[in-house]
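Below you'll find the structure, written out as structure tokens, and then a few comments.
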Amino acid sequence: MKQEWLEGHHARKRFGQNFLHDRHWIDRIVRSIDPHPGEAIVEIGPGQAALTREIIALAGHETAVEIDRDLAAFLRTQFEESELTLIEADALKLDWNAVLPEKSLRIIGNLPYNISSPLLFKLAEAADRVVDQHFMLQKEVVDRMVAAPGSKTYGRLSVMLQYRYSMQKLFDVPPGAFVPAPKVTSSIVRMRPRPREELAPVDVETLGQIVTAAFGQRRKTLRNALSAWFTAEELAALDVRPEARAETLPVEAFVRLAQNVPERA
Ligand code: SAM
């Protein structure tokens with residue numbers, strides 16, 4: 001019988017390694033992903049295959065991206081080539097448009113927490129052909145992702161991701177589900193890209209710059225935080241109160257600002 005875990009593997013902090021060991025949580029996560037044969041499932045950071053095994057049992061095949069060479073070598077001993085296509089790479093540097101081109105992807109992962117925000121932004125590159133994404137992340141990050149305007153955690157991550165995805169926090173996972181146990185609670189989030197035809201057309205880079213400026217100094221009014229972009233009158237004309245603060249502004253209002261940056265002489 002194949003060994004279930006890679007004996008003697010010391011979890012590497014630099015790769016954010018906390019391995020899922022608790023059957024109850026593994027089953028619950030896989031049930032919420034609900035994998036089926038024929039789907040193009042891509043797992044980021046399969047590690048010691050806690051989720052991978054269950055996904056392959058249900059879907060028959062998975063593609064996985066793993067940065068750790070020792071774990072990649074271990075994974076090759078665990079599955080047939082017909083079951084697992086392994087891409088040994090840094091998910092942050094990968095050209096996601098070249099991963100199973102033509103296919104509609106279901107991306108999953110118990111993500112390395114130290115790179116979660118840049119990875120989420122990187123994956124947005126492929127959003128046009130993503131069906132859904134299920135990720136385990138630090139609870140505090142998931143709370144920021146799904147936060148509504150007016151809440152303390154509503155910020156740049158909320159606006160930029162909510163523009164592109166509809167998102168749902170599913171449930172929390174306690175530190176004891178992992179070895180080694182992380183210091184923080186984790187949460188599972190489901191992300192579905194909004195269909196292109198529903199997206200308000202906007203230059204995402206401009207949107208990002210405005211959102212960054214607006215939240216850069218949270219205590220400032222928008223009139224002050226966005227003074228390099230808009231006068232108070234221009235904000236008011238776009239139905240944005242100049243005296244309001246960024247955390248009260250809905251995503252649509254940020255989009256309206258990005259669509260109407262005044263051209264200066
Ligand atoms: N999926 C496994 C589980 O649930 O037990 C492992 C999860 S562990 C939190 C994160 C995994 O991502 C590790 O296997 C780690 O080596 C891998 N990883 C870290 N940084 C990565 C990167 N930039 N690209 C791809 N994989 C990465």
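The values are calculated or read from the model by the stated rules, or taken from the named source; none is laboratory data. All values reported here derive from a predicted model rather than from experimental measurement. For neighbour counting, all protein chains shown are included, and Cβ atoms are generated from backbone atoms with ideal geometry for every residue, glycine included. For the accessible areas, the whole protein counts, side chains as well, though only heavy atoms, and no ligand, DNA or RNA atoms are used. Shrake-Rupley method; radii C 1.70, N 1.55, O 1.52, S 1.80 Å.
Give the distance, in whole Å, between the Cα centre of segment 189-250 and the Cα centre of segment 1-64.
One Cα centre to the other: 38 Å.
Heavy atoms of the protein only, probe of 1.4 Å, neighbouring chains included. What is the accessible area of residue 165 in Å², nearest 10?
Rounded to the nearest 10, the figure is 0 Å².
If amide hydrogens are placed 1.01 Å from N in the peptide plane, which non-local residues have theirs closer than 5 Å to the one on residue 186?
Under 5 Å from the amide H of residue 186 lie the amide H atoms of 139, 173, each far enough along the sequence or on another chain.
Once a ≥ b ≥ c are taken as the square roots of the eigenvalues of the Cα gyration tensor of segment 185-265, is the result rounded (a/c under 1.5), prolate (a/b larger than b/c) or oblate (a/b not larger than b/c)?
It comes out oblate by the Cα gyration axes.
Using Cα springs under 10 Å in a Gaussian network model of the chain, which residue among 148, 213, 253 shows the largest mean-square fluctuation?
The residue with the greatest mean-square fluctuation here is 253.
Considering the convex hull of the alpha carbon atoms of the chain, report its projected area averaged over all viewing directions, in nm², one decimal.
15.6 nm²
Using the Kirkwood formula over every pair of different C-alpha atoms, what hydrodynamic radius in Å results for segment 1-125?
Kirkwood radius, segment 1-125: 14.9 Å.
Provide 92, 226, 238 ordered by accessible surface of protein heavy atoms (probe 1.4 Å), highest first.
Largest accessible area first, the list is 92, 238, 226.
Calculate one ³J(HN,Hα) per residue across segment 119-134 by plugging θ = phi - 60° into the Karplus curve 6.51 cos²θ - 1.76 cosθ + 1.60, and present them in order as whole Hz with x for glycine and proline.
5, 4, 5, 4, 5, 4, 4, 9, 4, 4, 10, 9, 7, 7, 9, 10
In debye, nearest 20, what is the charge dipole magnitude of the chain about its Cα centre with +1 on Lys and Arg Cβ and -1 on Asp and Glu Cβ, if you could check?
Rounded to the nearest 20 debye, it is 1060 debye.
To the nearest 10 square angstrom, how much accessible area does residue 9 have with a 1.4 angstrom probe?
Using a 1.4 Å probe on the heavy atoms, I get roughly 30 Å².
With a 1.4 Å probe and all protein chains kept in place, how much accessible area does residue 186 have, in Å² rounded to the nearest 10?
Around 0 Å² of this residue is reachable by solvent.
Could you list, in their original order, any pairs among 152/220; 13/183; 13/139; 103/169; 103/139; 122/169 whose Cα atoms are separated by more than 23 Å?
Violating the 23 Å limit, Cα to Cα: 103/169; 103/139.
Residue-wise, which Karplus ³J(HN,Hα) couplings in Hz belong to segment 7-20, taking 6.51 cos²θ - 1.76 cosθ + 1.60, θ = phi - 60°, and x for glycine or proline?
Karplus-based 3J(HN,Hα) across segment 7-20 equals 4, x, 6, 8, 4, 9, 4, 5, 9, x, 8, 10, 8, 6 Hz.
Over the alpha carbons of segment 1-74, what is the largest minus smallest coordinate on each principal axis, giving the biggest first in Å?
Extents along the principal axes: 33, 28, 24 Å.
Tell me the mean residue ellipticity at 222 nm calculated for the chain from its helices only (DSSP H runs of n ≥ 4, each -39500 (n - 2.57), averaged over every residue, nearest 500).
-9500 deg cm²/dmol
For helix 23-33, report the angle its Cα long axis makes with the longest principal axis of the Cα atoms of the chain; keep it between 0 and 90° and round to the nearest 10°.
50 degrees
What is the set of long-range amide H partners of residue 166 at a cut-off below 5 Å, with H atoms built 1.01 Å from backbone N?
192, 194
Projected onto the charge dipole of segment 159-265 (+1 at Lys/Arg Cβ, -1 at Asp/Glu Cβ, origin at the Cα centre), which of 181, 232, 163 gives the Cα projection farthest towards the positive end?
181
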